[in-house]
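This report refers to the structure that appears directly beneath it.
The values are calculated or read from the model by the stated rules, or taken from the named source; none is laboratory data. On a predicted model such as this, the values are computed, not experimentally measured, just so you know. Cβ: placed from backbone, ideal geometry, glycine included. Neighbour counts: every protein chain shown. What goes into the accessible areas is simple: the full protein's heavy atoms, side chains included, and nothing from ligands, DNA or RNA. Shrake-Rupley method; radii C 1.70, N 1.55, O 1.52, S 1.80 Å.
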Amino acid sequence: MIGFRNVSKARTRRRVRRTAGVGMVLPLAVTALLGGGAGPAAASPGHGPTAIVSMGDSYISGEAGRWKGNSLTNSGSRTGTDRAWVGGSTYDPSKVYGSTAGGCDRSDAAEVLSAGAVADVAVNLACSGAVSDNVFRASNGGVSLKGEAPQADRLAAVAAADDVKVIALSIGGNDLGFADIIKECAYDFVLWNSYCYDDQQAGVDQKISGVMTKVGKSVDEIRAVMRGAGYADSSYRIVLQSYPSPIPRGAENRYTQSDWSRLNTGGCPFWNRDSDWARDSLVPQIANGIKAVAAAKGVQFLDLRDMLQGREVCAKASQQVSTTAPASAGTSEWARWIDNNESQGLVQESMHPNYFGQLAVGRCLALALAQPANASSGCKNTPGGDQSGMYLTPAS
């Protein structure tokens, strides 16, 4: 469990057809990418509907897509933030996550869906909690997760049925123990009155090389599956992405660290020093490692380290949803807070891009697909804007 809101001071393949009304404009370059067939081949490249596929972990599966901002109201629609609200005090997470609710949590706003009409079919194979071993083929060390076969094996079925043009991959965070790092840093704020950055940095330094080797193997496994299905490497693209920081720098936090407001009000129980480390050291270190893997493997890199800037949980530039501040992509937080008691949803949703954040990441992906297939770009938001204000910069 990684939340402490009320702790006292004492102590199967899923194929989803794109829904209408997403509001994204298809870039001409994407049209060119997806419009041409790859020609006859052993399996289905150039045949059947074009497809975009997401693989990896919770940051691309759609975890936290249930929430339109964060609200202290625990009843009803939670001031309009809870998209799973049915009426009265009844909530149905399957409205957002379908049959994967409480498991893989593939939301209806997941990146490959919110990217807009970039393909005929969007297929979300990603699963909350996935590590690299859950991506590998079973024949090469892959492991099933939550009752589903390894993602590369499931990709083989998609590649045989559809004309896959894009595979978006987010992996490595769970291999590194990102959720455990967040938990330990929160414990250090709530219980131990100590910093986490020093111990946690040492652990990251010990693991990072091995993690990036596994990220690279994930790319290799995808390539092997696609080649086995008859695809030339040039007939589709892989977009390997990094992670955003869900919390702001200490100076950008709207709650003081000298009382319990970060815990009981903001849902961001972290010291300034640890927040600075996470935002300016940990997230960039992971991003730089993934960027190096992308370059070595010849795939596209999408850097998300700054995409939540000013939209993080507790950020001064954003606000919680209330009766006087309705849920809005322009003013609300784009990441899910920490809620230890699960008074609103599940703890596993904590510290992930929420509904607004997922629309933004989807826009980042759409913009990236208008770039060359070996491009390296960062994605940022426009302060006060919605997902339409996302824009690309050269990767750091």
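Okay, here's what the table says:
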{"quantity": "Net charge of Cβ neighbours under 14 Å - reference D205; Lys, Arg +1; Asp, Glu -1", "calculated": "-1"}
{"quantity": "Shape of segment 87-245, Cα gyration tensor, a/c cut at 1.5", "calculated": "oblate"}
{"quantity": "DSSP-defined beta bridges in the chain - what % are antiparallel, rounded to 5", "calculated": "35"}
{"quantity": "Mean accessible surface per residue for the chain, computed with a 1.4 Å probe while every protein chain stays in place, in Å²", "calculated": "36"}
{"quantity": "Exposure of Y59 as accessible area (Å², to 10), given a probe of 1.4 Å and all protein chains", "calculated": "30"}
{"quantity": "CD proxy at 222 nm, helix term only [per DSSP H run n ≥ 4: -39500 (n - 2.57); per residue of the chain; nearest 500]", "calculated": "-8500 deg cm²/dmol"}
{"quantity": "Qualifying lysines (Cα of each under 23 Å from Cα of K95; at least 8 residues distant if same chain)", "calculated": "K68, K146"}
{"quantity": "Dimensionless Rg/Rh of segment 172-243 - Kirkwood Rh, Rg from C-alpha atoms", "calculated": "1.21"}
{"quantity": "Computed log₁₀ I(q)/I(0) - Debye formula, equal Cα scatterers, no solvent, the chain, q 0.07, 0.10, 0.11 Å⁻¹", "calculated": "-0.29, -0.60, -0.73"}
{"quantity": "Solvent exposure ordering (accessible area, 1.4 Å, most first) of S281, S218", "calculated": "S281, S218"}
{"quantity": "Accessible surface ranking that places the most exposed of D175, D220 first, with a 1.4 angstrom probe", "calculated": "D220, D175"}
{"quantity": "Accessible area of H47 in the full protein assembly, 1.4 Å probe (Å², nearest 10)", "calculated": "90"}
{"quantity": "Distance from segment 242-274 to segment 351-396 (C-alpha centre basis), Å", "calculated": "24"}
{"quantity": "Amide proton proximity set for A168, modelled H, under 5 Å, gap of 5+", "calculated": "V53, S54, M55, V239"}
{"quantity": "Cα-only Debye scattering, segment 96-190: base-10 log of I(q)/I(0) at q = 0.13, 0.19, 0.23, 0.24 Å⁻¹", "calculated": "-0.54, -1.03, -1.31, -1.35"}
{"quantity": "Accessible surface ranking that places the most exposed of D163, D205 first, with a 1.4 angstrom probe", "calculated": "D205, D163"}
{"quantity": "As computed over segment 301-349, the Cα convex hull volume per residue (Å³)", "calculated": "105"}
